[in-house]
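The values are calculated or read from the model by the stated rules, or taken from the named source; none is laboratory data. If you're wondering where the values come from, they're calculated on a predicted model, not measured in any experiment. Please note: Cβ atoms are built from the backbone with ideal geometry, for glycine as well, and neighbour counts cover all protein chains shown. With ligands, DNA and RNA removed, areas are computed over all heavy atoms of the protein, side chains included. Shrake-Rupley method; radii C 1.70, N 1.55, O 1.52, S 1.80 Å.
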Amino acid sequence: MTDALATILVVEDDDATRTFLADNLTADGYELLVADSVRDGLRLLETKFPDLVVVDLGLPDASGYDLVRRVRGADGVASRIDPALPVMVLTGRGGELDRVRGFDRGADDYLVKPFSYPELRGRVAALLRRTNRRPGMGRLRAGDLEIDPPSRTVILRGKRLDLSEKEFALLRTLATEPTRVFSKEELLRTVWGFRSMGISQLKVP
């Protein structure tokens, strides 16, 4: 993926700002998704799988930080949301403490309104270049097996498999590093969310 082919989600409740961003980013070659609330933003995250999110903080149904929290809290295995998804906060809150809080809560970048569009465009490109260097959520292949994480589709020798959420999470984890031997504790922690094996689990053969 190059940054010019990236899909950007803009979550902004001000009509003028949302339209301005959508028009200019589209003109620069990006695919645009737009939402005016945290609820709609999360729905698009879970169904359209954007490459970057630009989010305002003062949204009508919740704080933009709630969306950031949902992204960073995703498990990255069974979830449809990538926890490493780049997030830029775009807000009128420009104090030093506000900026620090933004980064502490998981934002990758923080831009204050009123903003310069060329600066925003440059920051978007920089975040997407960083995205290209991280492990993505693209299609995985291991022999005759194909896994598409966003759609949770698994194909084996041309036939689709119907898997439960945990079965899919386990298979995806194993397919991510097909030559690696995972310990039982790693799989319990990664797929089932256990923090430690526990006495009863240690008795399992």
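Quick one: compute the contact order of segment 1-73, relative version, from alpha carbon pairs under 8 angstrom and 6+ residues apart, as a percent. Spell out each step's value before the answer.
Values: 110 pairs, mean separation 26.6, N = 73.
Dividing the mean separation by the residue count of segment 1-73 yields 36 percent.
Label residue 15 and residue 115 with points 7 Å out from Cα along Cα→Cβ: what is the distance between them in nm?
Rounded to a tenth, the inter-label distance reads 2.2 nm.
For segment 45-84, would you read off the P(r) tail past 16 Å as a percentage of all alpha carbon pairs? Mind showing how you got there, number by number?
Working: 273 of 780 pairs.
Value for segment 45-84 (Cα pairs over 16 Å): 35 percent.
Ignoring everything but the protein chains, give the 1.4 Å probe accessible area of residue 49 in square angstrom, nearest 10.
Here the accessible area works out near 70 Å².
Across 5 Å bins from 0, what is the distribution of all Cα-Cα pair distances for segment 1-127, in whole percents?
Over segment 1-127, the share of Cα pairs per 5 Å bin runs 2, 11, 24, 26, 22, 11, 4, 0 percent.
Would you mind checking which residues have amide H under 5 Å from residue 37's amide H? H placed 1.01 Å from N; only 5 or more apart, or other chain.
HN-HN under 5 Å from residue 37: 12.
Note the full-extension length gain between residue 126 and residue 152 as 0.36 nm times their separation in residues minus their Cα-Cα distance, in nm to one decimal.
Working: separation 26, 0.36 × 26 = 9.36 nm, distance 2.92 nm.
Answer, rounded to one decimal: 6.4 nm.
Within a Cβ distance under 14 Å of residue 80, other residues only, what is the Lys/Arg minus Asp/Glu net charge? It would help to have the intermediate numbers written out before the result.
Numbers: positive: 43, 48, 70, 152, 172; negative: 46, 75, 82, 148, 165.
Net charge in that neighbourhood comes out at 0.
By per-residue mean of other Cβ atoms within 10 Å, what is the highest-first order of 175-185, 98-108?
Values: 175-185: 11.1, 98-108: 16.5.
Going by the mean number of other Cβ atoms within 10 Å, highest first, we get 98-108, 175-185.
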